[in-house]
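What follows draws every value from the coordinates through simple rules; no lab data is involved. Here the structure is a predicted model, which means the values were calculated and not measured. Reconstructed Cβ throughout: ideal geometry from the backbone, glycine too, with neighbour counts over all protein chains shown.
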Amino acid sequence: MTTNILKHVAILLMMAGISSSCGKENEGSLKVGSITEIKSGETAINPKYGLSLSVGKINDLRCPLGPYGTCGGYVSVQFYLTTKKNEYDFTVYPRNAIAIEGIKYQLIDVLPHPVYGEEQTEKTVKVSVCVQSILPDIQWKLIRYQIQTEATSFVETYPQEIKPITIRFKNDLTVESQFPCNEFQGTYIAGNDGSIVIDLSLSFEELRYCGKPIDDWENTVISVFRRSEKYTIANDHLIIVDNQCKLYFEKKKN
């Protein structure tokens, strides 16, 4: 009971802009517009936006790093968020994002990764915090994609003889996309720092297959959407980027 009262008093002081030396809170430690590192059990605050973000339970089920690298698994982080209006409790996974009161929170990584034979008692969470952005509610048509890796680089133009691949980011933060053979709906969360996460409701198992080259194009585009990291919009063109591929769209003419 006493602990909870002290916690709420500290939060109220932070919201009022009063300097406080409560626990491990570091005034201005929560960066809006970039990545913040928060250790397990610590709290980062941002008086300008009236935010207090604490790391709760970390569920690290990633396979330990060994002689052959990592074998997969997953990690999730529970956050406790206090804003000027309310208190929230949410859990996110890497590349998963959530938008609350116009602010986007995205888990980037949890360090260190598990290692065979090492006991890790303290974790550091890397979280991206930025102001939410709403993309123009228009229809975009795919024109080409580009793959860039250390081993290869090439550009392929979308065939004109195939039904267009289009995407539309609606004002209600939903996504509509039409493919030559499939359609899907989903949601998106974008930030004013150019970051984006697209969450699709269609799995690869549910895809209808129509033969090459349609299947190749659809699989490529869906994969990039699912791994999407950044976007840019300029001169009626949209670019969506993952870690090695760029999708180029142009504003669809009526």
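Tell me the GluC sites (Glu not before Pro) within the range 153-254 that lie in a loop according to DSSP and have at most 13 other beta-carbon atoms within 10 Å.
Values: sites: E156, E161, E176, E183, E205, E206, E218, E229, E250; in loops: E161, E229.
Hits after loop and neighbour filter: E161.
If a paramagnetic tag sat 7 Å from the Cα of N59 along the Cα-Cβ line, which residues of the range 92-128 would have the backbone N under 13 Å from that point? So the set is 92-94.
Straightening the chain between V115 and S40 buys 25.2 nm, computed as 0.36 nm per residue apart minus the Cα-Cα spacing. Of K163, K251, K212, the sequence from fewest to most neighbouring Cβ atoms within 10 angstrom is K212, K163, K251.
Let a ≥ b ≥ c be the square roots of the eigenvalues of the Cα gyration tensor of the range 37-188; is it rounded (a/c under 1.5), or, if not, prolate (a/b larger than b/c) or oblate? Oblate is the answer for the range 37-188, as a/c is 1.5 or above yet b/c matches or exceeds a/b.
Can you tally the net charge around V241? Count Lys and Arg as +1, Asp and Glu as -1, for every other residue whose Cβ sits under 15 Å from the Cβ of V241. Write out the running numbers ahead of the final one.
On the way: positive: R95, R144, R226, R227, K230, K246; negative: D193, E229, D242.
That sum, taken over residues with Cβ under 15 Å, equals +3.
Under the rule of -39500 (n - 2.57) per DSSP H run of 4 or more residues, summed and divided by the residues of the chain, what mean residue ellipticity at 222 nm is obtained, to the nearest 500 deg cm²/dmol?
On the way: 2 runs with 27 residues, N = 254.
Rounded to the nearest 500, it is -3500 deg cm²/dmol.
Computed from point charges on the beta carbon alone (+1 for Lys and Arg, -1 for Asp and Glu), the dipole magnitude for the chain about its Cα centre is near 520 Debye. The stretch between E87 and K170 holds 27.1 nm of extra length on full extension. This uses 0.36 nm per residue minus the Cα-Cα distance.
Does the range 149-254 come out rounded, prolate or oblate, given a ≥ b ≥ c as the square roots of the eigenvalues of its C-alpha gyration tensor, rounded meaning a/c under 1.5 and, failing that, prolate meaning a/b above b/c? Before the final figure, lay out each step's value.
Details: a/c = 1.33, a/b = 1.14, b/c = 1.17.
Rounded is the answer for the range 149-254, as its axis ratio a/c remains below 1.5.
Quick one: net charge around Q139, please, counting Lys, Arg +1 and Asp, Glu -1 for every other residue with C-beta under 11 Å from its C-beta. Residues close to Q139 contribute a combined charge of +3. Taking Cα atoms only, the orientation of helix 214-226 departs from the longest principal axis of the chain by about 10 degrees.
Excluding same-chain neighbours fewer than eight residues apart, the lysines reachable from K212 by a Cα-Cα span under 29 Å are K141, K163, K230, K246, K251, K252, K253. Ordering L61, L173 by the number of other Cβ atoms within 10 Å of each residue's own Cβ, fewest first, gives L61, L173. With the simple spin-label model, which puts each label point 7 Å out from Cα in the Cβ direction, the D242 to I138 separation comes to 2.6 nm.
Among W217, W140, the ranking by other beta carbons within 10 Å of each residue's beta carbon, starting with the fewest, stands as W217, W140.
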